[in-house]
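The values are calculated or read from the model by the stated rules, or taken from the named source; none is laboratory data. What you see is a predicted model, and the numbers here were worked out from it, not measured in a lab. Don't worry about glycine lacking a Cβ; one is built from the backbone with ideal geometry, like all the others, and counts go over all protein chains shown. Accessible surface is based on the protein model in full, side chains and every heavy atom, while ligands, DNA and RNA are left aside. Shrake-Rupley method; radii C 1.70, N 1.55, O 1.52, S 1.80 Å.
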Amino acid sequence: MAQSVAPGDITTQPGTKIVFNAPYDDKHTYHIKVINAGGRRIGWAFKTTNMKRLGVDPPCGVLDPKEQVLVAVSCDSFQFGAEDTNNDRVTIEWTNTPDGAAKQFRREWFQGDGMVRRKNLPIEYNP
């Protein structure tokens, strides 16, 4: 059963953080490449600490081994300096898909007793 095996690694480009540059009076979009570096099919999903300001498209999906996807992280316009941006980040979570599952994302994969891995990407705002 796939649930007993820890999910393999993923690689993100960029690997450690996302940087948005001023001015912030317009929407910014930053593209992240997510690569399934492991040997099993995984389901993945992005979460964000600030739903009002940050968006991710597509927010979730399924990747076969060595497959990759380009994800757009967008930052809506906001008043820089007037809002707290210190804790802004996106988190990607991933888990193995059950053996024989269709290549269609299912939220319940993350709610069972299978292992879920996480990677945080802090967001940096350059004034």
- Query: Name the residues in the stretch 36-89 that are in contact with a Leu (Cβ under 8 Å, 6 or more places away or on another chain) and among the basic types (Lys, Arg), would you?
  - Reply: Arg41, Arg89
- Item | Count - residues of the stretch 9-25 that are among the hydroxyl-bearing types (Ser, Thr, Tyr) and touching a Cys at 6+ places or on another chain (Cβ under 8 Å) | 1
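Matching residues to (1) touching a His at 6+ places or on another chain (Cβ under 9 Å); (2) open to solvent by 60 Å² or more (accessible area, probe 1.4 Å); (3) under 19 Å from Tyr30 (Cα atoms); (4) of a type in the set (Val, Ile, Thr):
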position	(1), (2), (3), (4)
Met51	no, yes, yes, no
Ala82	no, yes, no, no
Asp88	no, no, yes, no
Asn96	no, no, no, no
- Under 9 Å between Cβ atoms, at least 6 apart or on separate chains: pull out the pairs that start in the stretch 113-127 with a residue that is polar (S, T, N, Q) and end on any residue that is outside any loop (DSSP other than H, G, I, E, B). Asn120/Arg89; Asn120/Val90; Asn120/Thr91; Asn120/Ile92; Asn126/Val19; Asn126/Phe20; Asn126/Asn21
- Selection count where residues are open to solvent by 100 Å² or more (accessible area, probe 1.4 Å) and part of a helix (DSSP H, G or I), scope the stretch 101-122: 1
- Note on the structure: Every listed condition ((1) open to solvent by less than 60 Å² (accessible area, probe 1.4 Å); (2) closer than 21 Å to Pro127 by Cα; (3) outside any loop (DSSP other than H, G, I, E, B)) holds for Thr29 save (1)
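Suppose we filter the stretch 78-93 for residues that are in a loop (DSSP other than H, G, I, E, B) and either touching a strand residue (DSSP E or B) at 6+ places or on another chain (Cβ under 7 Å) or within 22 Å of Ile42 (Cα to Cα) (or both); how many remain?
3
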- Item | Residue check for Val34: at pLDDT 95 or above, over 19 Å from Ala6 (Cβ atoms) and within 10 Å of the chain's Cα centre (by Cα) | no
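Per-residue answers, yes or no, for (1) touching a residue at least 60 places away in the same chain (Cβ under 8 Å); (2) assigned to a strand (DSSP E or B); (3) crowded, with 19+ Cβ neighbours inside 10 Å; (4) out of contact with any Gly (no Cβ under 7 Å at 6 or more places or on another chain):
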position: Thr11; (1), (2), (3), (4): no, yes, no, yes
position: Thr16; (1), (2), (3), (4): yes, no, no, yes
position: Ile35; (1), (2), (3), (4): no, yes, no, yes
position: Gly38; (1), (2), (3), (4): no, no, yes, no
position: Gly43; (1), (2), (3), (4): yes, yes, yes, yes
position: Lys47; (1), (2), (3), (4): no, yes, no, yes
position: Gly55; (1), (2), (3), (4): no, yes, no, yes
position: Gly61; (1), (2), (3), (4): no, yes, no, yes
